[in-house]
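Contents: one structure, followed by commentary.
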Amino acid sequence: MLFSRRDPELVGADEALPGRSTPLETASTHHVKGTSLTPPWPDGHELLVVGMGCFWGAERIFWTLPGVHTTFVGYAGGHTPNPTYEEVCSGRTAHAEIAGVVFDPAVIDLDGLLGPFWENHDPTQVMRQGNDVGTQYRSIILVTDDEQAAAAEASRARYQTKLRENGFGQIATTIEPLGELYWAEGYHQQYLSKNPGGYCNHGFCQVGY
């Protein structure tokens, strides 16, 4: 047992940090697109929320896609209201670092977003991405309705088949209802546009979707 590794575990609501009632100050305008980072969104647009490791690189993948109106980073899937980045990184909020993607389904459908999601991180890793270890780096899709849930589950099954055919392991990605969503601090928004040489561990990982 000396050399065994135990994956980080999610804290329960009774163990989570208390947070605060006031939202954190964030940016208002997308650094690349010039669009609003917060609702209301244009009519007919939808929101997809995913976690795939460090949210800086995850967000950049999506703002380049056609049909994407805006993107933002934040925290979701946990218990602590209005957490700070440091609190999320402590592992005591149960939140994941997420990328929010507001898109026009008439231009790009959900599958067109889930393909880049699967391809650009390793969904078989548990509570980590590469050297980034912690519950905040887990692979997760947070769905807004039953239609998104069904599409995400079908997408996961499809990609699992592709992984098995190519000798890769079991997907660890969870699909959960989106509860409270908290925008991250302003300096995190579009971080890799503001800091082009900044840290990013995202890129094509295993097999094509």
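Residues in region 150-201 that are assigned to a helix (DSSP H, G or I) and of a type in the set (A, V, I, L, M, F, W, C) were compared, and the one that is farthest from the chain's Cα centre (by Cα) is Leu163. For beta carbons closer than 7 Å, sequence separation of 6+ or different chains, a first residue in region 194-209 that is of a type in the set (D, E, K, R) and a second that is assigned to a loop (DSSP other than H, G, I, E, B), the qualifying pairs are Lys194/His31. Would you mind stating whether Ala152 is free of Cβ contacts under 8 Å to residues at least 60 places away in the same chain and closer than 24 Å to His45 by Cα? Considered against the rule, which asks whether it is free of Cβ contacts under 8 Å to residues at least 60 places away in the same chain and closer than 24 Å to His45 by Cα, Ala152 comes out as yes.
Table: residues versus (1) in contact with a Gly (Cβ under 8 Å, 6 or more places away or on another chain); (2) closer than 16 Å to Val101 by Cα; (3) buried (at least 16 other Cβ atoms within 10 Å of the Cβ); (4) not aromatic (Phe, Trp, Tyr).
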| position | (1), (2), (3), (4) |
| --- | --- |
| His121 | yes, no, yes, yes |
| Gln125 | no, no, yes, yes |
| Gly130 | yes, no, no, yes |
| Leu142 | yes, yes, yes, yes |
| Asp145 | no, yes, no, yes |
| Glu153 | no, no, no, yes |
| Thr173 | no, no, yes, yes |
| Tyr187 | no, no, no, no |
| Pro196 | no, no, no, yes |
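Among the residues of region 124-150, those that are in contact with a Cys (Cβ under 9 Å, 6 or more places away or on another chain) and within 10 Å of Met52 (Cα to Cα) comprise Gln129, Gln136, Tyr137.
Taking each residue of region 59-88 that is closer than 20 Å to Gly12 by Cβ and in contact (Cβ under 8 Å) with a residue 60 or more places away in the chain and looking for partners that are surrounded by 23 or more Cβ atoms within 10 Å (Cβ to Cβ) and acidic (Asp, Glu) with beta-carbon atoms closer than 8 Å, six or more apart or interchain, yields Tyr75/Glu97. Could you list all residues from region 91-108 that are over 15 Å from Trp183 (Cα atoms) and touching a His at 6+ places or on another chain (Cβ under 7 Å)? Result: Ala94, Phe103, Asp104.
Readers should treat all values here as calculations from the given coordinates under stated rules, not as data from a laboratory. Here the structure is a predicted model, which is why all the values come from computation and not from measurement. FYI the Cβ positions are ideal-geometry reconstructions off the backbone, even for glycines, and counts take in every protein chain you see.
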